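All of the numbers you see were taken from the coordinates with simple rules; none came from a lab. Being a predicted model, the structure only gives us computed values, none of them experimental. Neighbour counts run over all protein chains shown; Cβ positions are idealised from the backbone, glycine included.
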Amino acid sequence: MSDFPTYRGRMEYVCLGCGARFDISELHYTCPSCGGVFLLTDTTFDSLKKTPGAKWREIFDRRAASKNPALRGVFRFYELMAPVLEEEDILYLGEGNTPIVTSAPGLRAELGLNTAYKNDGQNPSASFKDRGMACAFSFLKHLIRTKGWTDVLAICASTGDTSAAAALYASYVGGVIKSAVILPAGKVTPQQLAQPLGSGAVVLEVPGVFDDCMKVVEYLADNYRVALLNSKNAWRILGQESYAFEVAQWYDWDMAGKCVFMPIGNAGNITAVMGGFLKLHALGIIDALPRVFGVQSHHADPVYRYYAADAGTREFKPVAVRASVAQAAMIGNPVSFPRVKYFAEKFEAIGGERSFQVIQVTEQQIMDSMIQANRHGHIACTQGGECLAGAKRAKELGLVSPKETLVLDATAHHLKFIGFQDMYFSNTFPPEFGVTPDPALSNRPEQVITAEDKKRLDAPDYVRQAAQNVVARLGLARK
Ligand SMILES: *Cc1c(COP(=O)(O)O)cnc(C)c1O
Ligand SMILES: [Zn+2]
């Protein structure tokens, strides 16, 4: 007998600009009446409150042992996510359930903080974007099945993790889904190109920058049957809520004294995480909200600037971004800013004024922090380094204490952004980043024996000489 949940909700798009509601039987990205962004809402959500929080905890804990692939990933929390999908719609490529790794004692001592990283780089395309794609593509499969569509183009404008994730899920589904990514010509590195090319996506280049690509993609979405997979797609936000559910479950649903640190780029992820915790709270699954800290680089900090102003005088202004090592968060006019505002108000209404904050850090602090974390066994990307830099800054500002647990989001795998580590170790940062490597943190390979020695010496002598050089370099004592 299937252990797939029986509850079905009724979902609608709700515009955060004008409040208009739209049916989910068509794909919508921005409000046709006012241009606002959407959230998805289950209009029967309140009926879930009839089940006590303790019972939900038991259900989700039991489901964690399910062998059903449809419940192994982000849909473990089916009722809170997209309870309009059927079991056959749900895609599972191994996303979600990423570990939370408590920082080693050495790092915690250096920091004077109780930190842990949630390794979202351990998702299939090596970033958290897979959470949202699993949900968005499952819904797309549902639409294709129920409407009998014979072709649909999955498309996104991106130079990084969004296109990698979209191309991966599209290539798995195949069939009537074709996949394309639109990139700014000459503005992407070979690494950034490798993932969508490897997944077989059609990779199209447009002269200009990311925003030019985005405009082309939006024109296509307005006029053709294409599934837009940028974070305007509210199904992606929904899938990313799973991050919050997993954090709560990992700590046995006790969020008191927990602080969650997230980088903010387009602000989709922090929106999803706040939305997710609020759902858990509404159902009595958690009694307390954690505190949520957004982190931005001083080179791309529009959300920080907004919240740094006094409550009465806040005004949102896009900023011109400068070069940032937190490249995936280098966005001056975040699409999801209205969503952040919406959830931040709700968060503060329950958790108090200090329950949502935005911290600003420097490029130098981001790089130093990433390398410091990884020298203690973490696998943080630059955005993960940004979270640790944010935690240190929050401590300086007296906002966090060693009594709390700080959960830092390593949003991608270390290796995806390895070029920045190379620049740090080889001291080749272009001046616009403003990063000066700390020699104590740099690391370079050292040659242990020369090619001439190899030619000159016979085999046993060569090995002995190389080993002697290692002994000298490391100061080894004989046993
Ligand atoms: C997309 C991305 C971000 C930024 O997330 P938003 O939802 O745009 O705020 C941060 N880190 C990584 C690795 C990303 O891929
Ligand atoms: Zn509207």
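Along the Cα→Cβ direction, 7 angstrom out, place labels at Val176 and Ala288. What is the inter-label distance in nm?
With each label point 7 Å from Cα toward Cβ, the separation is 5.0 nm.
For the chain, what number results from the quotient of the Cα radius of gyration and 2.2 N^0.38 Å?
Numbers: Rg = 23.7 Å, N = 479, 2.2 N^0.38 = 23.0 Å.
Dividing the Cα radius of gyration by 2.2 N^0.38 Å gives 1.03.
Identify the trypsin sites (Lys or Arg not before Pro) of region 222-261 meeting these criteria: DSSP loop state and at most 14 other C-beta atoms within 10 Å of the C-beta. Write out the running numbers ahead of the final one.
Numbers: sites: Arg225, Lys232, Arg236, Lys258; in loops: Arg225, Lys232.
Taking region 222-261 and a limit of 14 other Cβ atoms within 10 Å, the loop trypsin sites (Lys or Arg not before Pro) found are Arg225.
Give a quick list of trypsin sites (Lys or Arg not before Pro) in region 1-31 that DSSP marks as loop, anything other than H, G, I, E or B, with at most 16 other Cβ atoms within 10 Å. Before the final figure, lay out the partial values.
On the way: sites: Arg8, Arg10, Arg21; in loops: Arg8, Arg10.
Loop-located and lightly packed - Arg8, Arg10.
Which cross-chain or sequence-distant (5 or more) residues have an amide H under 5 Å from the amide H of Val101, H modelled 1.01 Å from N in plane?
Tyr117, Lys118, Asn119
Dipole of region 1-108 (Lys/Arg Cβ +1, Asp/Glu Cβ -1, origin at the Cα centre): which of Tyr13, Ala54, Gly73 lies farthest to the positive side?
Result: Ala54.
So which cysteines in the chain don't have a second cysteine's C-beta under 4.7 Å from them?
Result for the chain is Cys135, Cys156, Cys213, Cys259, Cys381, Cys387, no neighbouring Cys Cβ within the cutoff.
What aspartates and glutamates does Lys215 reach when the alpha-carbon gap must be under 18 Å and sequence neighbours fewer than 8 apart in one chain are set aside?
Glu205
In the chain, what % of DSSP beta bridges are antiparallel (nearest 5)? Don't skip to the answer; put the middle values down first.
Details: 14 of 49 bridges.
Among the beta bridges of the chain, antiparallel pairing accounts for roughly 30 percent.
With +1 on each Lys and Arg Cβ and -1 on each Asp and Glu Cβ, and nothing else charged, work out how big the dipole of the chain is about its Cα centre, in Debye to the nearest 20.
On the way: 50 positive and 49 negative charges, 135 e Å.
Computed about the Cα centre, the dipole is about 640 debye.
Which trypsin sites (Lys or Arg not before Pro) in region 63-95 pass both tests, a DSSP loop state and at most 10 other beta-carbon atoms within 10 Å?
Taking region 63-95 and a limit of 10 other Cβ atoms within 10 Å, the loop trypsin sites (Lys or Arg not before Pro) found are Lys67.
Under 18 Å Cα-Cα from Lys55, which lysines qualify once same-chain neighbours fewer than 8 residues away are excluded?
Of all the lysines, those that pass the test against Lys55 - Cα under 18 Å, at least 8 places apart if same chain - are Lys279.
Which of the listed residues, Tyr307, Gly385, Val340, is farthest toward the dipole's positive end in region 302-387, when Lys, Arg count +1 and Asp, Glu count -1 at the beta-carbon?
Going by the Cα projections, it comes out as Val340.
Within the chain, what's the longest stretch lacking GluC sites (Glu not before Pro) that sit in DSSP loops with no more than 10 other Cβ atoms inside 10 Å?
Here the longest run is 27-314.
Once the piece of chain linking Ala467 and Ala109 is laid out straight, how much longer is it, given 0.36 nm per residue of separation minus the C-alpha distance between them? Mind dumping the intermediate values first?
Details: separation 358, 0.36 × 358 = 128.88 nm, distance 3.51 nm.
Extra length from Ala467 to Ala109 when fully extended: 125.4 nm.
What is the fewest-to-most order of Trp149, Trp56, Trp250, Trp235 by other Cβ atoms lying within 10 Å of their Cβ?
Values: Trp149 13, Trp56 20, Trp250 16, Trp235 26.
Ordered from fewest to most neighbouring Cβ atoms within 10 Å, Trp149, Trp56, Trp250, Trp235 come out as Trp149, Trp250, Trp56, Trp235.
Fully extended, how many nm does the chain gain between Val319 and Val209 (0.36 nm per residue separation, minus their Cα-Cα distance)?
Working: separation 110, 0.36 × 110 = 39.60 nm, distance 1.58 nm.
Extra length from Val319 to Val209 when fully extended: 38.0 nm.
List the aspartates and glutamates whose Cα lies under 15 Å from the Cα of Lys129, skipping any in the same chain that are fewer than 8 positions away.
Glu95, Asp120, Asp161, Glu241, Asp409
Hey, quick one: spin label on Tyr7, modelled 7 Å out along Cα-Cβ, who in region 37-53 has an amide N within reach, i.e. under 11 Å?
The answer is 44-53.
Exceeding 27 Å between C-alpha atoms, which entries from my cross-link table qualify? They are Lys258/Lys317; Lys118/Lys346; Lys416/Lys454; Lys178/Lys346.
Violating the 27 Å limit, Cα to Cα: Lys258/Lys317; Lys416/Lys454; Lys178/Lys346.
Once Lys and Arg get +1 and Asp and Glu get -1 on their Cβ, which of Ile286, Thr44, Gly112 lies farthest toward the positive end of the dipole of the chain?
Among Ile286, Thr44, Gly112, the one farthest towards the positive end of the dipole of the chain is Gly112.
Label region 400-479 by shape, choosing from rounded, prolate and oblate, from the square roots a ≥ b ≥ c of the eigenvalues of the Cα gyration tensor; if a/c is under 1.5 it is rounded, and otherwise prolate applies when a/b is larger than b/c, oblate when it is not.
On the way: a/c = 3.08, a/b = 1.92, b/c = 1.60.
Prolate, because a/c is 1.5 or more and a/b exceeds b/c.
Could you run the Debye sum over the Cα atoms of region 264-404, one equal point scatterer each and no solvent, and tell me log10 of I(q)/I(0) at q = 0.18 Å⁻¹, two decimals?
-1.08
Rounded, prolate or oblate: which fits region 80-153, taking a ≥ b ≥ c as square roots of the Cα gyration tensor eigenvalues, rounded meaning a/c under 1.5, else prolate when a/b beats b/c?
Numbers: a/c = 4.63, a/b = 3.41, b/c = 1.36.
Prolate is the answer for region 80-153, as a/c is 1.5 or above and a/b outweighs b/c.
Got a sec to turn the phi values of region 190-200 into Karplus ³J(HN,Hα) couplings, 6.51 cos²θ - 1.76 cosθ + 1.60 with θ = phi - 60°, whole Hz, x for Gly and Pro?
So the Karplus estimates, Gly and Pro as x, are x, 5, 5, 7, 4, 5, x, 5, x, 7, x Hz.
Counting only other residues whose beta carbon sits under 13 Å from that of Asp211, what net charge do I get with K and R as +1, D and E as -1? Don't jump to the answer; show the numbers that get you there.
Details: positive: Lys187, Lys215; negative: Asp212, Glu218.
Spelling it out: positives minus negatives among the neighbours equals 0.
Which order do His28, His378 fall in if you start with the one that has the fewest other Cβ atoms within 10 Å? Provide the component values of the computation, followed by the final result.
Numbers: His28 18, His378 23.
So the ranking, lowest neighbour count to highest, is His28, His378.
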